[in-house]
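The values are calculated or read from the model by the stated rules, or taken from the named source; none is laboratory data. Because the structure is predicted, anything quoted here is derived from the model rather than measured. FYI the Cβ positions are ideal-geometry reconstructions off the backbone, even for glycines, and counts take in every protein chain you see. Protein only, heavy atoms only, side chains kept; ligands, DNA and RNA dropped before computing areas. Shrake-Rupley method; radii C 1.70, N 1.55, O 1.52, S 1.80 Å.
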Amino acid sequence: MGLDDRDALQVLRGAFAAPDANDSTDGFVARLFSRWFGTDPSARDLFPADLSGIRTAFTQALSWVYGELVAQRAQEPISFIAQLGRDHRKYGVTQHHYDTMGRVLYTALRDELAEDWTPAVEDAARESLNLIIGVMGGAADAEEGPAWWDGSVVEHLRVSRDLAVVRIQLDHPLPYYPGQYVKVEVPQCPRSWRYLSPAMPADETGAIEFHVRGVPGGLVSTAIVNETRPGDRWRLSSPHGGLHVDRDAGDVLMVAGSTGLAPLRAIIMDLTRWGVNPRVHLFFGGRYPCELYDLPTLWQIAAHNPWLSVTPVSEYARDPSWAADYPDVTPPRGLHVRQTGQLPDVVTRYGNWSDRQILVCGGPEMTRATAAALITKGAPAQCIQHDPLSE
């Protein structure tokens, strides 16, 4: 039965959904990658030294794809797999690598499942792997656009202790929609890619801007904040994501935690192209008042666009002593009075926002907490947009 056999597909999914599937030493996926690199040494050069993030993403992706196949929902996983194939061109993945991974994955699944490897599971494995490998390789071959975009850092602004604004001049313009995100590779961390959202709409000259907060233990984000210099060469992937505002679907609530402001800022800037827009209320939050780094820009936009309202929010009422070392971000008078407290609490204090399009951007913990608070207050879950969250 192959792809029609839900029971067999569920057995295959179990290899990726098991609690120890991504164990750093001897889990199934760790053994899979070791076997692949032993079979095809050239594949090892495609990845960073630390494979933990790669293994986690691989485990989550395959578990989800097989879960969708079990549910007999093929359209979305095929689109997802095709996008992975197009995007993986930036790593230098070739059809040879797809072929060797397909063979190794088949053998690894057979060995892992042992007595559960029945003729029905074997058929489902062959058909599903042919689908996954075939769609990824075919989508990569069919894509005519660039595999990546290179550019030079032209400005690096340290706007707070662990926050930086980085402006890049790309060699060729990168087409993307406001609200989308890209993967970025920096010279300090070769082959380690990090998702970043452009903080401005696509520019025909190739100018692009990113807002980055250093994450404790985050190799790439820390390097960007602390070590990036003008002249550094960055590499960007093709865009992902569907965060957007429908100008015909009513008023909008935006909630941005720290550098989660970036994609919402790009959408707001794009909306300024029209004279008439839905009302947009933006809550912009940070730990301290000094970390509301882009308030002057938001004030300027709001001053010329009456459809935009901005409420600054800080967890603490006063700045720490180190704030004096960084630019003063106090805007001129005109923005809403700054509120103090946790962002989800402040947002829901104003109401349930059930009549709004709702966009939430920031760290996973803040995004989950804000979405949960809004839903508890009565906002429909289907009206809340946010980018995929890491576990």
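Summary of computed values
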item	result
All positions within the stretch 227-256 that are at pLDDT 95 or above and within 29 Å of ARG191 (Cβ to Cβ)	GLU227, THR228, ARG229, PRO230, GLY231, ASP232, ARG233, TRP234, ARG235, LEU236
Residue under evaluation ILE133, criteria (1) more than 30 Å from GLU144 (Cα to Cα); (2) touching a helix residue (DSSP H, G or I) at 6+ places or on another chain (Cβ under 9 Å), criterion not met	(1)
Residue that is surrounded by the fewest Cβ atoms within 10 Å (Cβ to Cβ), among those in the stretch 159-181 that are in a strand (DSSP E or B) and not aliphatic (A, V, I, L, M)	GLN169
Residue satisfying all of: in the stretch 364-385; out of contact with any helix residue (DSSP H, G or I) (no Cβ under 7 Å at 6 or more places or on another chain) and either open to solvent by less than 20 Å² (accessible area, probe 1.4 Å) or not in a helix (DSSP H, G or I) (or both); nearest to PHE284 (Cα to Cα) among these	THR367
Selection count, the stretch 127-158, where residues are among the aliphatic types (A, V, I, L, M) and surrounded by fewer than 18 Cβ atoms within 10 Å (Cβ to Cβ)	5
Among (1) free of Cβ contacts under 8 Å to residues at least 24 places away in the same chain; (2) touching a helix residue (DSSP H, G or I) at 6+ places or on another chain (Cβ under 9 Å); (3) under 20 Å from GLN357 (Cα atoms) - the single one PRO216 does not satisfy	(3)
Condition met for ASP203 (touching a residue at least 40 places away in the same chain (Cβ under 8 Å), closer than 25 Å to ALA302 by Cα, open to solvent by 40 Å² or more (accessible area, probe 1.4 Å) and outside the structural domain of GLY363 (by the TED database))	no
Output for the stretch 85-99, where each listed residue is buried (at least 17 other Cβ atoms within 10 Å of the Cβ) and in a helix (DSSP H, G or I)	GLY85, ARG86, ASP87, HIS88, ARG89, LYS90, TYR91, HIS97, TYR98
Flag if GLU155 is among the acidic types (Asp, Glu), at pLDDT 95 or above and over 22 Å from HIS240 (Cβ atoms)	yes
Subset of the stretch 106-122 [out of contact with any Phe, Trp or Tyr (no Cβ under 7 Å at 6 or more places or on another chain) and open to solvent by 70 Å² or more (accessible area, probe 1.4 Å)]	ASP111, GLU115, ASP116, PRO119
When residues of the stretch 333-347 are limited to those that are of a type in the set (A, V, I, L, M) and closer than 14 Å to VAL255 by Cα, the one surrounded by the fewest Cβ atoms within 10 Å (Cβ to Cβ)	VAL346
Residue tally, condition open to solvent by 30 Å² or more (accessible area, probe 1.4 Å) and out of contact with any Leu (no Cβ under 8 Å at 6 or more places or on another chain), over the stretch 348-357	4
Which listed residue is more than 20 Å from GLY14 (Cα to Cα) and either at pLDDT 90 or above or open to solvent by less than 20 Å² (accessible area, probe 1.4 Å) (or both), from PRO48, PRO77	PRO48
Checking LEU282 against (1) crowded, with 19+ Cβ neighbours inside 10 Å; (2) assigned by the TED database to the domain that holds THR340; (3) over 25 Å from SER160 (Cβ atoms); (4) not hydroxyl-bearing (Ser, Thr, Tyr), the condition it does not meet	(3)
Which listed residue is touching a His at 6+ places or on another chain (Cβ under 7 Å), open to solvent by 70 Å² or more (accessible area, probe 1.4 Å) and either touching a residue at least 60 places away in the same chain (Cβ under 8 Å) or not hydroxyl-bearing (Ser, Thr, Tyr) (or both), from ARG229, ARG191	ARG229
Residues (among the aliphatic types (A, V, I, L, M) and open to solvent by less than 40 Å² (accessible area, probe 1.4 Å)) located in the stretch 294-332	LEU295, LEU298, ILE301, ALA302, LEU308, VAL310, VAL313, ALA323, VAL329
Where a residue in the stretch 42-69 is part of a helix (DSSP H, G or I) and its partner, wherever it lies, is open to solvent by less than 20 Å² (accessible area, probe 1.4 Å) and at pLDDT below 85, with Cβ under 6 Å and at least six apart	THR59/ALA21; VAL65/PRO77; GLU68/PRO77
Residues within the stretch 183-218 that are closer than 19 Å to SER258 by Cβ and among the hydrophobic types (A, V, I, L, M, F, W, C), tallied	7
